[in-house]
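The values are calculated or read from the model by the stated rules, or taken from the named source; none is laboratory data. Fair warning: this is a prediction, and the values are worked out from it, not measured in the lab. Cβ placement follows ideal geometry from the backbone for every residue including glycine, while neighbour counts extend to all protein chains displayed.
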Amino acid sequence: MATVFNNTSLVRDDSFEGSLSTKDIQIAVQEVKVQDMPNSALMHRSLREQPYNVVSGHGSYFKLQDGREILDGCGGAAVTLIGHGNAEVKAAIIEQLDKISYVFTSSLITSSAEELAKCILEIPPGGFQHGLEKAYFCGSGSEATDAAMKFCTQYFFEKGEPQRKYFVSRRQAYHGSTVGSMSVSSYLARKVPYEDIVLPNTSFVSPAYAYQYQLPTETEDEYVRRLIEELDAKFQELGPQNIISFIAEPVGGATTGCVPAPKGYFLAVRKLCDKYGILLHLDEIMCGMGRTGTYFAFEHEGITPDIVTIGKGLGGGYAPIGGILVSKKCIDIIRQGTGAINHTHTYQNHPVMCAAALAVQKIVKRDELVIRVKEMGILLHQLLVETLQNCKYVGDIRGRGFFWGVEFVADKQSKASLPPSLGFGMRVVKRAFELGLAVYPGAGTVDGVRGDNVLIAPPYTISDTDLRKIVRLLREAYDSEETKLD
Ligand code: PLP
């Protein structure tokens, strides 16, 4: 049985807000054989497909139980920064365990958490003045999104503007899987069947996604102006005085596939938010921590956010950790008000996870890996273009640093998507894995919207040879799937 979208016209629907609900979306069910049923006790996402068991990892590779070595071309989901099996991180974790494994950090702190906060917030000489003053660490990106939403709500409560209750986000955006973070996400397939339990006080505007949505008759400036007018109209509709924050990824990640915003977009967003006192919350969970060639992705945009969410690369895969970074402007209001943050988790600022993340971030800084990402990112882009640009179904290659998306389309001229039922990006991902390469599937056609892509996000420490191997294997995987379509 292969069931997919019952309404393939959604693929080219430009204005699906209001016309496309999560109910329109059915999750593709893969054909399965009874003997494929796994005997795993773990509740893996698929109850039908047997997950691969990974037994070890070293550098840019991990090894499966069947003995195969897989080149990690996406660092999990843009998580791995310094590769697998790093001895320094292991030593730092053990050292922390030798000191203390846990304290409840509502009233107690540990040096590992304090030092991690300092390490992330520190501005090197001549560095970007980000205006962020404090960090809070939790267990995942989704928790960070929720914490940020609550922090921003508290900010206005203490500021004497308790009427503010709306969050504005963008379509084709993913900010997490908890109820709060899912509510500001527009990864529709992941909202089935929860549409009746998500927060009602969320609203969505268009993504900043020029390849698919900038009109052929429009200049980049005109496209930005149109997006900002739409955002302003949304603010007016809700009443700007009622809005808490606007949430956006500086470089769109899993849903659109590494899409940087058009030039000037975030500057204009910042200006508009300032005009109405709306907080700007940037989600750097996937694109942050050096992934795009600057420590924070927003540095490219020349803006300072009010609040930033981080995750994934923060722990580099060595610890489950996310966090929020908050600007002085926001902290000051609460400092002068109740003086207490009304948000807590048992495992917040956990000493061992912070020690692991600190070791990862120290290596990133000491070995100047962000500079390496910036420089080698140019090579990766060049290789992707040389190797894939001319392929029949490759529509666009975009990204920054070590964060690249390859988008597949049925027709390069019209940019029409391939039928979602085909799941072309996912097929390429699966074939690549058979060939020994892990890349990450984008969510475009899963949602019945544009952006069927694969995402490439290698570890910052990858060798030149392995970088070339990623692109070669990706092309091989693409070719074998293209042949099946012809
Ligand atoms: N925000 C973005 C941009 C993400 O890519 C993700 C995860 O993919 C999240 C939030 C949620 O993070 P986590 O899966 O750690 O909860």
Inset, instruction - Give the residue that is surrounded by the fewest Cβ atoms within 10 Å (Cβ to Cβ), with candidates limited to residues of the range 324-346 that are over 26 Å from Arg270 (Cα atoms) and out of contact with any strand residue (DSSP E or B) (no Cβ under 7 Å at 6 or more places or on another chain). - result: Gly339
Inset, instruction - Six or more apart or on different chains, Cβ under 7 Å: which pairs go from a residue in the range 309-320 that's among the β-branched types (Val, Ile, Thr) to one that's more than 11 Å from the ligand (Cβ to nearest atom) and part of a loop (DSSP other than H, G, I, E, B)? Could you list them? - result: Ile310/Met289
Inset, instruction - Could you identify the single residue in Ser142, Ser177 that is out of contact with any strand residue (DSSP E or B) (no Cβ under 9 Å at 6 or more places or on another chain) and closer than 27 Å to Ala355 by Cβ? - result: Ser177
Legend entry - Test set (1) at pLDDT below 55; (2) of a type in the set (A, V, I, L, M, F, W, C); (3) within 30 Å of Lys469 (Cα to Cα) - Ala28 fails condition number: (3)
Legend entry - Residues of the range 146-179 that turn out to be modelled with pLDDT under 95 and either over 20 Å from the mean Cα position of the chain (by Cα) or surrounded by fewer than 20 Cβ atoms within 10 Å (Cβ to Cβ) (or both), as a count: 0
Legend entry - Asp367 being buried (at least 18 other Cβ atoms within 10 Å of the Cβ), acidic (Asp, Glu) and either closer than 16 Å to Cys119 by Cβ or out of contact with any Lys or Arg (no Cβ under 8 Å at 6 or more places or on another chain) (or both): no
Inset, instruction - Kindly establish whether Thr346 is of a type in the set (S, T, N, Q), more than 30 Å from Asp452 (Cβ to Cβ) and away from the ligand (no atom under 16 Å from the Cβ). - result: yes
Legend entry - Per-region count, the range 254-295, residues under 24 Å from Gln154 (Cα atoms), free of Cβ contacts under 8 Å to residues at least 60 places away in the same chain and within 16 Å of the ligand (Cβ to nearest atom): 3
Inset, instruction - Please work out if Leu215 is away from the ligand (no atom under 16 Å from the Cβ) and crowded, with 23+ Cβ neighbours inside 10 Å. - result: no
Legend entry - Selection count where residues are outside any helix (DSSP H, G or I) and closer than 20 Å to Ser203 by Cβ, scope the range 130-165: 5
Inset, instruction - Quick one: in the range 173-201, of everything that is touching a Phe, Trp or Tyr at 6+ places or on another chain (Cβ under 7 Å) and within 15 Å of the ligand (Cβ to nearest atom), which residue is nearest to Glu237 (Cα to Cα)? - result: Val184
Inset, instruction - Pairs only if they're at least six apart or on different chains, beta carbon under 6 angstrom, first in the range 390-407 and free of Cβ contacts under 8 Å to residues at least 60 places away in the same chain, second of a type in the set (Val, Ile, Thr) and outside any strand (DSSP E or B); list them, first residue then second. - result: Ile397/Val385
Inset, instruction - Being part of a loop (DSSP other than H, G, I, E, B) and modelled with pLDDT of 95 or more is the filter; apply it to the range 450-486 and report the residue that is nearest to the chain's Cα centre (by Cα). - result: Ala457
Inset, instruction - Would you check which residues across the range 69-101 are in a loop (DSSP other than H, G, I, E, B) and either under 30 Å from Arg400 (Cα atoms) or within 27 Å of the chain's Cα centre (by Cα) (or both) and list them? - result: Gly73, Cys74, Val79, Thr80, Leu81, Ile82, Gly83, Gly85, Asn86
Inset, instruction - State yes or no: is Glu49 of a type in the set (D, E, K, R) and in a helix (DSSP H, G or I)? - result: no
Inset, instruction - Looking only at the range 296-323, count how many residues are more than 15 Å from the ligand (Cβ to nearest atom) and either surrounded by 24 or more Cβ atoms within 10 Å (Cβ to Cβ) or on the phi > 0 side of the Ramachandran plot (or both). - result: 2
Inset, instruction - Filter the range 297-346 for residues that are of a type in the set (Asp, Glu) and in contact with a helix residue (DSSP H, G or I) (Cβ under 6 Å, 6 or more places away or on another chain) and give the result. - result: Glu301, Asp306
Inset, instruction - For Pro124, work out the one condition from (1) at pLDDT below 95; (2) surrounded by 12 or more Cβ atoms within 10 Å (Cβ to Cβ) it doesn't fulfil. - result: (2)
Inset, instruction - Looking for whichever is polar (S, T, N, Q), farther than 22 Å from Cys287 by Cβ, surrounded by fewer than 18 Cβ atoms within 10 Å (Cβ to Cβ) and in contact (Cβ under 8 Å) with a residue 60 or more places away in the chain here; the options are Ser417, Ser421, Ser480. Which one fits? - result: Ser421
Inset, instruction - Could you tell me which of the residues Tyr187, Tyr213, Tyr174, Tyr209 is touching a Ser or Thr at 6+ places or on another chain (Cβ under 6 Å) and more than 24 Å from Ser140 (Cα to Cα)? - result: Tyr209
Inset, instruction - Collect the residues in the range 384-401 that are within 18 Å of Thr292 (Cβ to Cβ) and either small (Gly, Ala, Ser) or buried (at least 19 other Cβ atoms within 10 Å of the Cβ) (or both), keeping them in residue-number order. - result: Leu384, Asp396, Ile397, Arg398, Gly399, Arg400, Gly401
Inset, instruction - Under 7 Å between Cβ atoms, at least 6 apart or on separate chains: pull out the pairs that start in the range 156-174 with a residue that is under 18 Å from Tyr213 (Cα atoms) and end on any residue that is in a strand (DSSP E or B) and more than 14 Å from the ligand (Cβ to nearest atom). - result: Ser169/Thr202; Ser169/Phe204; Arg170/Phe204; Arg170/Val205; Arg171/Phe204
